């Protein structure tokens, strides 16, 4: 069963760049802190609004211990707001493409995934077929600003081909 | 600037003090900051690799 989501700017921007924002539509709720909403509006205005995205704000400040972690790991205001929101939604999935935010949230016990996970999940949920996801993976370097090492992307591609018996 | 309080094993703290005493860093806080920064920089590719693998597993076989 799908879990509620707290979403950072990266996946919203990257999925929109790939024409795949609809892949988020089957989560029961997707909360976007207003600072993140503003960030996405600034960098990718076409991504917002969407009927399945809920702007949440203002978000209460994170606890002092979390604030210290945010500073130590150079997390921005949007990422800190996501962590604050997650503190009240321990069952939620946190979607982010930022490694530092992911590291902090993971160590706080939250389930964290990123754009790549959402793309592959779409096969499981029936929104895309393996060939379509393969094409999206191939388009990441040219159509999106998501940075992923090419060797790593090739590994993901290889895993997908292996999983579904596709000749790469 | 945030303050993070950590407990260090005595041996590690001695090593840290030695670095400061020998002039490599002006104080223990600067050394710890540099250590965290270097850890994050050096581990970034490794972390990304781990995160992407987790994403693939969740995407293909996870629930939720």
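The values are calculated or read from the model by the stated rules, or taken from the named source; none is laboratory data. If you're wondering where the values come from, they're calculated on a predicted model, not measured in any experiment. For neighbour counting, all protein chains shown are included, and Cβ atoms are generated from backbone atoms with ideal geometry for every residue, glycine included.
Count of the range B:1-13 residues, restricted to those that are over 18 Å from residue A:69 (Cβ atoms) and exposed (fewer than 12 other Cβ atoms within 10 Å of the Cβ), is 4.
Checking the stated criteria, residue A:74 turns out to be at positive phi and in contact (Cβ under 8 Å) with a residue 24 or more places away in the chain.
Being without any contact (Cβ under 8 Å) to a residue 40 or more places away in the chain and either part of a helix (DSSP H, G or I) or surrounded by 15 or more Cβ atoms within 10 Å (Cβ to Cβ) (or both) is a property that does not hold for residue A:66. Exactly one residue among B:24, B:58 is at pLDDT 80 or above and touching a strand residue (DSSP E or B) at 6+ places or on another chain (Cβ under 6 Å), and that residue is B:58. Scan the range A:90-109 and give yes if some residue there is over 21 Å from residue A:6 (Cα atoms) and over 17 Å from the mean Cα position of the chain (by Cα), otherwise no. No, the range A:90-109 contains no residue that is over 21 Å from residue A:6 (Cα atoms) and over 17 Å from the mean Cα position of the chain (by Cα). Among the conditions (1) part of a loop (DSSP other than H, G, I, E, B); (2) over 15 Å from the mean Cα position of the chain (by Cα); (3) surrounded by 14 or more Cβ atoms within 10 Å (Cβ to Cβ), residue A:58 misses just one, which is (3). Looking across B:50, B:38, one residue alone is within 10 Å of chain A (Cβ to nearest Cβ) and either modelled with pLDDT of 90 or more or assigned to a helix (DSSP H, G or I) (or both). It is B:50.
Considering the range A:72-168, the qualifying helices (runs of 4 or more DSSP H), each wholly inside and each with 3 or more residues that are away from chain B (no Cβ under 14 Å) and buried (at least 21 other Cβ atoms within 10 Å of the Cβ), run over A:77-87. Go through (1) touching a helix residue (DSSP H, G or I) at 6+ places or on another chain (Cβ under 9 Å); (2) within 13 Å of another protein chain (Cβ to nearest Cβ); (3) surrounded by 15 or more Cβ atoms within 10 Å (Cβ to Cβ) and name the single condition residue A:47 misses. All conditions pass for residue A:47, except number (2).
Every listed requirement among (1) closer than 22 Å to residue A:21 by Cα; (2) in the same structural domain as residue A:58 (by TED's automatic domain parsing); (3) without any contact (Cβ under 8 Å) to a residue 60 or more places away in the chain is met by residue A:86 save one, (3).
Inspect all residues belonging to the range A:91-98 and state whether any of them is assigned by TED's automatic domain parsing to the domain that holds residue A:54 and over 22 Å from residue A:21 (Cβ atoms). Yes, some residue in the range A:91-98 is assigned by TED's automatic domain parsing to the domain that holds residue A:54 and over 22 Å from residue A:21 (Cβ atoms). Taking the listed residues B:64, B:23, the one that is exposed (fewer than 10 other Cβ atoms within 10 Å of the Cβ) and part of a loop (DSSP other than H, G, I, E, B) is B:23, with no other qualifying.
Contact map, the range B:2-19: residues that are more than 23 Å from residue A:75 (Cα to Cα) paired with residues that are part of a helix (DSSP H, G or I), Cβ distance under 6 Å, separation 6+ or inter-chain. Pairs shown: B:16/B:28; B:16/B:31; B:19/B:31.
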